[in-house]
Amino acid sequence: MKPDLFEAPDYYNLDDLLTEEHKLVRTAARDWVKRDVSPIIEEAAQKAEFPKEIIKGLAEIGAFGPYIPEEYGGAGLDQISYGLIMQEIERGDSGVRSTASVQSSLVMYPIYKFGSETQRKKFLPKLASGEFMGCFGLTEPDHGSNPGGMVTNFKDKGNHYLLNGAKMWISNAPFADVAVVWAKDESGRIHGLLVERGMEGFSTPTTHNKWSLRASATGELIFDNVKIPKENLLPNKSGLGAPLMCLDSARFGIAWGAIGAAMDCYDTALRYAKEREQFDKPIGAFQLQQKKLAEMITEITKAQLLAWRLGTLRNEGKATSSQISMAKRNNVEMALKIARESRQILGGMGITGEYSIMRHMMNLESVITYEGTHDIHLLITGMDITGLNAFK
Ligand SMILES: Cc1cc2nc3c(=O)[nH]c(=O)nc-3n(C[C@H](O)[C@H](O)[C@H](O)COP(=O)(O)OP(=O)(O)OC[C@H]3O[C@@H](n4cnc5c(N)ncnc54)[C@H](O)[C@@H]3O)c2cc1C
């Protein structure tokens with residue numbers, strides 16, 4: 001792979017809206033990605049292996065629990081810092097960002113928000129340091145966009161719960177030490193359970209043959225009469241709203257992360273367009289290529305503004321789920337379109353692993369589907385503005 005020459009675009013001087021702390025956090029993440037991710041990520045993706053050696057670095061830049069309070073091992077940062085970290089990581093690879101998103105928003109967040117003090121103390125510091133890795137089991141083979149229909153269930157057996165069912169498409173599953181699993185009790189109410197590796201009847205087979213997020217490990221969670229100690233139930237929230245709150249946090253991170261992937265594609269394409277000559281001049285001098293690049297920077301700038309404003313709303317506790325849906329949907333589609341256009345600017349070279357663009361493009365096909373598909377987020381906006389539910 002070519003050396004990482006990335007320079008971040010900031011067409012509207014958005015840095016002026018950031019604090020010194022935001023910039024420091026972003027620089028640390030950006031430098032780490034250049035040093036430790038860019039040199040190894042292409043090979044990891046080609047081999048379809050999660051590069052475990054980056055776990056320590058992810059923890060060091062605060063990517064595991066950026067906004068979890070320091071007393072539990074988190075970085076105690078605000079939402080914009082969290083977003084910037086996700087942006088920088090996804091600039092390297094969406095699969096690496098997925099690992100960090102799951103750990104932070106889908107594992108640490110529910111333990112912090114809905115867990116007991118004992119659960120917080122037992123799991124959060126180890127998850128923040130990367131000593132423990134976690135995964136989040138909501139999706140099932142027959143219930144993706146409609147997780148409320150889940151069939152995974154547990155029964156109260158007096159001194160423990162008995163868990164049965166299966167989850168699929170679970171990021172980090174193959175190596176996770178702990179899974180936050182959403183399952184129905186005997187009355188049909190959804191609860192979160194902490195399922196630990198080694199529990200009898202619990203297995204995590206790997207999902208193979210992915211053409212997308214190849215540097216992220218994906219797997220199933222299978223529960224065959226797993227005895228869950230009662231203290232492993234998340235006590236402080238139940239119902240579908242609990243996992244949806246986790247998804248709000250993760251989707252917010254994706255809205256920022258997608259900008260990173262888009263910036264990397266744009267920056268690569270811009271540099272290439274200025275260097276590559278055809279018909280005795282740089283291809284960037286042709287109007288058709290300038291149109292592509294000009295539209296890209298316009299869309300990136302709009303996405304940056306959306307993400308920044310959403311970050312301020314989240315910092316004030318005011319962001320709605322629908323606002324988060326809009327940003328996730330817009331920014332991921334924006335990134336995917338930019339990846340496709342950038343790849344064309346590189347001509348044949350665009351399909352090789354010499355450049356990051358094709359990898360970003362394939363990764364973004366998952367990002368546009370997981371954490372609520374593109375269509376589902378549109379329906380969320382539709383429902384919000386009309387007051388009419390088009391899901392059913
Ligand atoms: C690489 C990867 C990693 C993932 N990681 C995780 C994870 O860590 N944890 C987890 O729980 N899940 C995870 N997922 C699952 C992901 O969230 C689901 O794939 C997603 O929610 C969509 O579900 P589905 O694949 O079953 O598609 P379906 O729900 O079957 O949807 C298929 C199509 O139908 C459309 N559709 C569905 N319902 C409607 C409707 N009412 N109106 C109009 N169109 C509709 C959808 O938009 C989509 O285009 C991951 C997925 C991938 C690909």
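We did not get these values from a lab; they are worked out from the coordinates using the rules stated. Keep in mind the model is a prediction, meaning the values are calculated, not measured. No Cβ is skipped: glycine too gets one built from the backbone with ideal geometry, and neighbour counts run over all protein chains shown.
Take each peptide in 71-77, 59-65, count the other Cβ atoms within 10 Å of every residue, and average; sorted highest first, the result is 59-65, 71-77. Helix content alone sets the calculated 222 nm mean residue ellipticity of the chain: runs of n ≥ 4 DSSP H residues at -39500 (n - 2.57) each, divided across all residues, give -15500 deg cm²/dmol. Using C-alpha pairs below 8 Å separated by at least 6 residues, the relative contact order for the range 260-312 is 28 percent.
Each Lys or Arg adds one and each Asp or Glu takes one away; over the other residues whose Cβ falls under 13 Å from the Cβ of I68, this sums to +1. Here the contact order of the range 95-204, divided by its residue count and restricted to Cα pairs under 8 Å and six or more residues apart, works out to 24 percent. With the Kirkwood sum run over all distinct C-alpha pairs, the range 236-392 has a hydrodynamic radius of 16.9 Å. Per-residue 3J(HN,Hα) values for the range 244-260, derived from phi via the Karplus relation 6.51 cos²θ - 1.76 cosθ + 1.60 with θ = phi - 60°, read 5, 5, 4, 5, 4, 5, 5, 5, 4, x, 5, 4, 7, x, 4, 4, x Hz in sequence order (x marks Gly and Pro).
For the chain, the calculated P(r), taken from all Cα-Cα distances in 10 Å bins from zero up to the bin holding the longest distance, is 5, 24, 33, 24, 10, 3, 1, 0 percent. Shape analysis of the range 207-259 places it in the oblate category; the axes a ≥ b ≥ c from the Cα gyration tensor give an a/c of at least 1.5, with a/b not above b/c.
In sequence order, the range 210-225 has phi-based couplings of 7, 9, 9, 6, 6, 8, 10, 7, 10, x, 9, 10, 10, 10, 10, 6 Hz under the Karplus curve 6.51 cos²θ - 1.76 cosθ + 1.60, θ = phi - 60°, and Gly or Pro positions carry x. Looking at the range 65-218 only, what percent of DSSP beta bridges run antiparallel? Nearest 5 please. Given both bridge residues lie in the range 65-218, the antiparallel proportion sits at roughly 70 percent.
With a sphere of radius 11 Å drawn around the Cβ of N225, what net charge do the other residues whose Cβ falls strictly inside it have (Lys, Arg +1; Asp, Glu -1)?
Details: positive: K155, K157, K227; negative: E200, D224.
Once all neighbours under 11 Å are counted, the net charge is +1.
For the range 304-391, the orientation-averaged shadow of the C-alpha convex hull comes to 6.9 nm² (one quarter of the hull surface). With a cut-off of 13 Å between beta carbons, the residues surrounding Q344 carry a summed charge of +4, where Lys and Arg count +1 and Asp and Glu -1.
Amide H to amide H, with H built 1.01 Å from N, Y161 comes under 5 Å of I228, K230, counting only residues 5 or more places away or on other chains. If you take the Cα centroid of the range 155-227 and the Cα centroid of the range 39-85, the two points sit 23 Å apart. Kindly express, to the nearest 10 degrees and within the range 0 to 90, the angle between helix 117-129's C-alpha long axis and the longest C-alpha principal axis of the chain. Rounded to the nearest ten degrees, it is 30.
What the pair-distance distribution of the range 334-378 shows, using all Cα-Cα distances binned every 10 Å from zero, is 29, 46, 20, 5 percent. Each Cα pair under 8 Å and six or more residues apart adds its separation to the average, and for the chain the resulting relative contact order is 18 percent. Pairs exceeding a 28 Å alpha-carbon distance, out of K113/K155; K56/K227; K2/K291: K56/K227. In whole Hz and in residue order, list the ³J(HN,Hα) couplings for the range 370-386 that follow from phi through the Karplus curve 6.51 cos²θ - 1.76 cosθ + 1.60, θ = phi - 60°; x for Gly and Pro. Working through the residues one at a time gives 7, 6, x, 6, 3, 5, 5, 5, 5, 5, 5, 5, x, 5, 5, 7, 9 Hz. For a test of the definition: using alpha carbon positions, the gyration tensor, and the 1.5 limit on a/c, classify the range 130-182 as rounded, prolate or oblate. The shape class here is oblate.
Scoring 327-333, 31-37 by mean Cβ neighbours within 10 Å over their residues and listing the highest first yields 327-333, 31-37. Peptides 236-243, 362-369, 95-102 ranked from most to least packed by the mean count of surrounding Cβ atoms within 10 Å: 95-102, 362-369, 236-243. When we measure straight from the Cα of K23, which aspartates and glutamates land under 15 angstrom away, once same-chain ones fewer than 8 places off are left out? Candidates past the 8-residue exclusion: E7, D10, D15, D31, D78, E88.
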